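The values are calculated or read from the model by the stated rules, or taken from the named source; none is laboratory data. Note that the structure is a prediction, hence the values are computed from the model and not measured. Virtual Cβ from ideal backbone geometry, glycine too; neighbours counted across all protein chains shown.
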Amino acid sequence: MMKTILFAFLFSGSVILGAHAQDIKEKEVPQAVTSALAQKYAGATNAEWEKEGDNYEAEFRVERTEHTVLLNPSGEVLVAKSDVPLNDLPQPIKSALDQKYKGMPVDDTEQLEKEGKTFYQLEVEENGTDRRLVFSADGQEVTVPAYWD
């Protein structure tokens, strides 16, 4: 229960910041931030930047994979998200989907890393409506009030 509450708090902060995002040009991003991004994601191309409160969000591609990273002004990665093919989800998550959401179309599968923990967020179509889900790497569904777009 405590893990769920902590997770909800961490993600809600990210989403709240996203509501106030402002597009900026790369030249407006501190050197420490652009250097950190280039070092961690050597193949990053066509980065698009937003200012999120005091932090910086970059959307970019590495090869054919889309990534979104939130960095603080010192260049520390706060949250990292990347697309992941449905077939590449960990087996515990595939099993959980098969048990609880069998036959429902799955879309927008993403891997999210925050504070050394890995989560997977995705959408299932349930009765014509998209439902956003978050799973821990061990296949446990995590209930959170927010989802990092």
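Table: residues versus (1) modelled with pLDDT of 95 or more; (2) touching a Gly at 6+ places or on another chain (Cβ under 6 Å); (3) basic (Lys, Arg); (4) part of a strand (DSSP E or B).
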site	(1), (2), (3), (4)
Glu50	yes, no, no, yes
Gly103	no, no, no, no
Asp108	no, no, no, yes
Glu125	no, no, no, yes
Arg131	no, no, yes, yes
Can we say Ser74 is within 30 Å of Lys51 (Cβ to Cβ) and among the small types (Gly, Ala, Ser)? yes
